[in-house]
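For reference, the structure is listed below as structure tokens.
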Amino acid sequence: MTTQSTQPDCVFCRIVAGELPSHEVYSDDHVFAFLDIGPVAAGHLLLIPKTHCQNIVDLPADVASALGGVLPSMARAVVDVAGASGVNILQNNGACAGQVVDHVHFHLIPRTDDDGLGFRWRVGGYEAGEAEALGQKFRENLSQK
Ligand code: AMP
Ligand code: ZN
């Protein structure tokens, strides 16, 4: 397993270390979950690795695996406890993508039919041949990893 590292000036590392308060909901050797301080809806959780890692691009596979392993039970808890009928799992990487806290985190947001929350999701399309070329580029890129 990746050796745990902490950043003294990172708010989430400080929460994991118990230096800052949080409403903890789950903790194991590798991950920690707590209530978001500015909830989009009551029961909005954050799931984080205990080791400091800025964003998902740099996340070691074993840490990603630990996070992914608990996501389903975390989502089930959001449904049960928040009385949700759905859950959004949101994960921002980079300031341009809305990341404010530079320690990897997954938002779990309880959803109901009439909650009025929504997305700005501008649907586009591809020119002829563009999707084929992009698909090829992705396959080549991923085959080298
Ligand atoms: P993001 O924009 O994806 O980086 O989201 C960061 C999230 O961290 C926001 O939803 C904040 O409300 C939340 N947050 C920041 N500080 C704290 C804190 N001390 N305790 C709980 N949640 C926090
Ligand atoms: Zn950190």
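The values are calculated or read from the model by the stated rules, or taken from the named source; none is laboratory data. Quick caveat, the model's predicted, so the values are computed rather than measured. When we count neighbours, we look across all protein chains shown, and the Cβ atoms used for this are built from the backbone with ideal geometry, even at glycine. Heavy atoms of the whole protein, side chains included, go into the accessibility calculation; ligands, DNA and RNA do not. Shrake-Rupley method; radii C 1.70, N 1.55, O 1.52, S 1.80 Å.
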Legend entry - Pairs, first among the small types (G, A, S) in segment 58-70, second part of a helix (DSSP H, G or I), C-beta under 8 Å, six or more apart: A64/I56
Inset, instruction - Kindly establish whether Q54 is more than 15 Å from the chain's Cα centre (by Cα), touching a residue at least 24 places away in the same chain (Cβ under 8 Å), open to solvent by 50 Å² or more (accessible area, probe 1.4 Å) and within 16 Å of ligand 2 (Cβ to nearest atom). - result: no
Inset, instruction - Considering every residue within segment 96-110, establish whether at least one is more than 29 Å from K145 (Cα to Cα), more than 12 Å from ligand 2 (Cβ to nearest atom) and either of a type in the set (D, E) or free of Cβ contacts under 8 Å to residues at least 12 places away in the same chain (or both). - result: no
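Just checking, how many residues over segment 57-104 are among the hydrophobic types (A, V, I, L, M, F, W, C), open to solvent by 70 Å² or more (accessible area, probe 1.4 Å) and within 22 Å of G38 (Cα to Cα)?
Residues in segment 57-104 being among the hydrophobic types (A, V, I, L, M, F, W, C), open to solvent by 70 Å² or more (accessible area, probe 1.4 Å) and within 22 Å of G38 (Cα to Cα): 5 in total.
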Legend entry - Single residue of segment 16-26 satisfying the filter (outside any helix (DSSP H, G or I) and in contact (Cβ under 8 Å) with a residue 12 or more places away in the chain) that is farthest from M74 (Cα to Cα): S22
Inset, instruction - Take C13 and decide whether it is within 14 Å of ligand 2 (Cβ to nearest atom), open to solvent by less than 60 Å² (accessible area, probe 1.4 Å) and in a helix (DSSP H, G or I). - result: yes
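Quick grid of which residues meet (1) touching a helix residue (DSSP H, G or I) at 6+ places or on another chain (Cβ under 7 Å); (2) at pLDDT below 95; (3) of a type in the set (F, W, Y):
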{"residue": "A82", "(1), (2), (3)": "no, no, no"}
{"residue": "N93", "(1), (2), (3)": "yes, no, no"}
{"residue": "V101", "(1), (2), (3)": "yes, no, no"}
{"residue": "F106", "(1), (2), (3)": "yes, no, yes"}
{"residue": "A131", "(1), (2), (3)": "no, no, no"}
Legend entry - Unique match (being touching a strand residue (DSSP E or B) at 6+ places or on another chain (Cβ under 9 Å) and more than 18 Å from T3 (Cα to Cα)) among A64, A95, A75: A75
Inset, instruction - May I ask you to list the residues in segment 21-51 that are touching a His at 6+ places or on another chain (Cβ under 6 Å), open to solvent by 40 Å² or more (accessible area, probe 1.4 Å) and not aliphatic (A, V, I, L, M)? - result: none
